[in-house]
Amino acid sequence: MLPLVLFFIFAALCVGGAINLLVQKHPINSALSLIVVMGSLALIYLLLGAEFVAAVQVIVYAGAVMVLFVFVIMLLNAGVEERTEHASRVAMVLGVPGLIIGLSLAVWVVSHLAGLDRIAIGGPTVMNGSDVFGNPQAIGHLLFRNFLLPFEVTSILILIAIMGAVVLARREE
Amino acid sequence: MGIGTYILVSLVKIVIALLVLLTAVAYTTLLERKVVGHIQNRWGPSRVGPFGIWQPLADGLKFIFKEDITPPFANKPLYMLAPIIALTTALTSIAVIPIGPWIKLGSINTPLQIADVNIGLLIILGVTSVGVYGVALAGWSSNSKYSMLGGLRASAQMVSYEIALGLSLIGVLIFAGSFSLRDIVDSQAGTWLGFIPKWNLFKGQFVAFFIYIMAAYAETNRIPFDLPEAETELVAGYHTEYSSMKFAMFFMAEYANMVTVACLASILFLGGWSGPVFGPPIVQSLLPVFWFAVRVFAFMFIYIWVRGTLPRFRYDQLMAFGWKFLLPLAIANIVVTSLVVALK
Amino acid sequence: MVPLSYYLVLSAILFACGVAGFLIKRNIITIFLSIELMLNGVNLSFVAFAAQLKSLDGHIFVFFVMVVAAAEAAVGLAIIISVFRTRETLNVDRVNLLKL
């Protein structure tokens, strides 16, 4: 019962943040709503027993990637208002909610047909088994044994990204 | 214990922790002014009560009665949100910091910690990462050149030193085997040869301790890393345009961050609350808290001592120090520690 | 206990909001934010299935998605900064000529 109530609260926060991202005109407000979405997603991950992933979401995604976005928005200080030219108002008002509702209805129907709404996850089994599932030790065991090659490759990827970002953002002297 | 008792006990702990933390923050300001005063061969505040004891109270009243000015064309919602973010994240870290072992009050057996989660250290790192937003948004929403520059510099500095901070803690984690702060303290219990305590500092983490202290000074924007809020450089940096209670919130957030860093350093490197325990049971359960408080006080004193003694870094020297010296040193520390542990 | 399909529907809503933002917004930074929203929706699916199948492979995948998203955000923002320096605008409708 409590996990269900908590899920609905956090899900309402997520959806509210996502809709706010679409509705706001200034990118800084959109960025802040995305931070709210990421925060509530981290709470939902905690409901699913993914505690390490929740911590990494807050530290890396909400605490570093979004700080980068906020820096760039502050530095460039442009894009106060944006107007969509040559766009039909009716198409946007009908199309965007239509897309959202359409996709979620499709997923709902498919998951109902696949019987996925009879499987309940989260709850006491996950929350009491946090010594073997989702904790950093278990993830470390998996990451450094089975997934060692992707781990090393992503470290090279980050190195390339750092070099690329430094070169691209440099001022031409 | 039942869910109702658990919630009640947690609420009591939260109230006590917040009261103690806010009082500590207020009296840290007094300690700082007295110590810096004595370093500079003068008395600190000494008029408002014996030894200036009521000075923080007087300062608080002054803040409440000051006029609250909002600069024109400032982004009002963000302008009000920034100090709230800064203070909230500064006060949240206290939730996972343990100050003593389990105690028994009547029929209730409870740890001296608000929430003993098994990713406690990651939560503190996450909360610190979110605290950067308070500074960045304050600088940008004030619509002033000093604030903007100060905010950008301060948040860039905080983000850069977070890396060295996080990496320096990995050596400690290798020894403790868990992210839970209580487990880290328990792994430092006991002594070698009867009198050398098994602290992480003595287990070989001197370099990590040094890196942690440097990175923590930079995270909390204290001298020698306080260029973003130095008066001779940028007026007051990101909190230039803030007055009265909002400025007080930034002020409190900075000192609360200092207290959190001091608590973390004593938990991770100095053995937490270990110390000689004697006397009747009620004294025995409160003596560890006293030893913890002694360590935290020692750290705060060192913080203030460094503030009164050292000059400040220039901004490019500061960033070069963080990226080109502390980061490779932290990685080298991880490599050496894991080699030592693996070859044991 | 929450049924699995609720998590999948939430993930679909987030993904659809991301797609909608990507298609209708004209500010390059907001488009980027919509891409991050899409990635977050997909991460939620991974974690939900990992909880159902009791397998940590989903968490590892989420870890890699976050790393790749961080690298992509860094490089993308650097590109945005250099585009802004030459074109002086963040509106994608105006960046429509190969040479100024």
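Using only the Cα atoms of region B:13-143, build the gyration tensor, take square roots of its eigenvalues as a ≥ b ≥ c, and label the shape rounded, prolate or oblate: rounded if a/c is under 1.5, else prolate if a/b is larger than b/c, else oblate. Taking the square roots of the gyration eigenvalues as a ≥ b ≥ c, region B:13-143 is oblate. Packing-based ranking of B:144-154, B:204-214 yields B:144-154, B:204-214, ordered from highest to lowest mean Cβ neighbour count within 10 Å.
The residues C:LEU10, A:LEU94, B:LEU329, A:LEU47, when put in order of fewest to most other Cβ atoms within 10 Å, stand as A:LEU94, B:LEU329, A:LEU47, C:LEU10. For chain B, adding -39500 (n - 2.57) for each run of n ≥ 4 DSSP H residues and dividing by the number of residues yields -21000 deg cm²/dmol at 222 nm. Working note: Cα atoms of region B:73-342, range along each principal axis, descending, whole Å: 62, 46, 33. Quick check on my link table: of A:LYS25/C:LYS99; B:LYS145/C:LYS99; B:LYS34/B:LYS246, which ones sit more than 31 Å apart, alpha carbon to alpha carbon? Checking Cα-Cα distances, B:LYS145/C:LYS99 exceed 31 Å.
Fewest-first ordering of B:ARG307, A:ARG145 by other beta carbons within 10 Å of each residue's beta carbon gives A:ARG145, B:ARG307. Going from the residue with the fewest nearby Cβ atoms within 10 Å to the one with the most, B:TRP305, B:TRP140 rank B:TRP305, B:TRP140. When you work out D = kT/(6 pi eta Rh) for the protein assembly as shown at 10 °C and 1.306 mPa s, using the Kirkwood radius from C-alpha pairs as Rh and the Stokes-Einstein form, the result is 61 µm²/s. In chain A, taking the dipole from charged Cβ atoms about the Cα centre, the farthest positive-side position among A:VAL56, A:LEU22, A:PHE69 is held by A:LEU22.
In order along region B:42-49, the Karplus-derived 3J(HN,Hα) couplings, from 6.51 cos²θ - 1.76 cosθ + 1.60 at θ = phi - 60°, round to 8, 6, x, x, 9, 9, 7, x Hz, and Gly and Pro are given as x.
Near A:ILE121, the amide H atoms lying under 5 Å from its own belong to C:VAL2, C:LEU4; only residues 5 or more places off or on other chains count, and H is placed 1.01 Å from N. Counting Cβ atoms of other protein chains within 10 Å of each residue's Cβ and taking the mean over peptide C:38-47 gives 4. Overall form of region B:77-204: oblate. Here a/c, set by the Cα gyration tensor axes a ≥ b ≥ c, is 1.5 or more, and a/b is not larger than b/c. Go through C:ALA51, C:PHE63, C:ALA16 and say which Cα lies farthest out towards the positive end of the charge dipole of region C:4-87; charges sit on Cβ, +1 for Lys and Arg, -1 for Asp and Glu. Projecting each Cα onto the dipole axis, the largest value belongs to C:ALA16. Per-peptide packing, taken as the mean over residues of other Cβ atoms within 10 Å, places B:64-73, B:173-182 in the sequence B:173-182, B:64-73 from highest down.
Positive-end ranking of B:ALA189, B:THR260, B:ILE211 along the dipole of chain B, with charges on Cβ about the Cα centre, is headed by B:ALA189.
Which lysines have a Cα less than 24 Å from the Cα of B:LYS198, not counting those fewer than 8 places away in the same chain? Straight-line reach from B:LYS198, under 24 Å: B:LYS344. Estimated translational diffusion coefficient (Stokes-Einstein, Kirkwood radius over Cα pairs, 25 °C, 0.890 mPa s) of region B:1-53: 183 µm² per second.
Shape class of chain A from the alpha-carbon gyration tensor: oblate, with a/c at 1.5 or above and b/c at least as large as a/b. Rounded to the nearest 20, the Cβ-based charge dipole of region C:4-87 about its Cα centre (Lys and Arg +1, Asp and Glu -1) stands at 320 debye. Give me the base-10 log of I(q)/I(0) for region B:78-129 at each q in 0.15, 0.18, 0.19, 0.29 Å⁻¹, Debye formula, one uniform scatterer per Cα, rounded to two decimals. Calculated log10 I(q)/I(0) at the listed q: -0.53, -0.66, -0.71, -1.07. When only Cα pairs under 8 Å and 6 or more residues apart are kept, what is the percent relative contact order across chain B? Once divided by the residue count of chain B, the mean separation gives 23 percent.
Taken one residue at a time, the phi angles of region A:99-110 give Karplus couplings (6.51, -1.76, 1.60, θ = phi - 60°) of 4, 5, 5, x, 5, 5, 5, 4, 5, 5, 5, 5 Hz. Gly and Pro are set to x. Within 10 Å of the Cβ of each residue in B:171-178, the mean number of Cβ atoms contributed by other protein chains is 1.
With a 10 Å cut-off around each Cβ of B:116-129, the average count of Cβ atoms from other chains is 5. For chain C, the calculated P(r) over all alpha carbon pairs, in 10 Å bins from 0 to the bin holding the longest distance, is 15, 35, 28, 15, 7, 1 percent. Taken about its Cα centre, region B:25-142 carries a charge dipole of about 340 debye when Lys and Arg each add +1 at the Cβ and Asp and Glu each add -1 at the Cβ. The charge dipole of chain B, taken about its Cα centre with unit charges on the Cβ of Lys, Arg, Asp and Glu (plus for the first two, minus for the last two), comes to roughly 460 debye.
Taken together, the values in this text are just the output of simple stated rules run on the coordinates, not laboratory data. Computed from a prediction, not measured in an experiment: that's the story for all the values here. Heads up, the Cβs are rebuilt from the backbone with ideal geometry, glycines too, and the neighbour counts pull from every protein chain shown.
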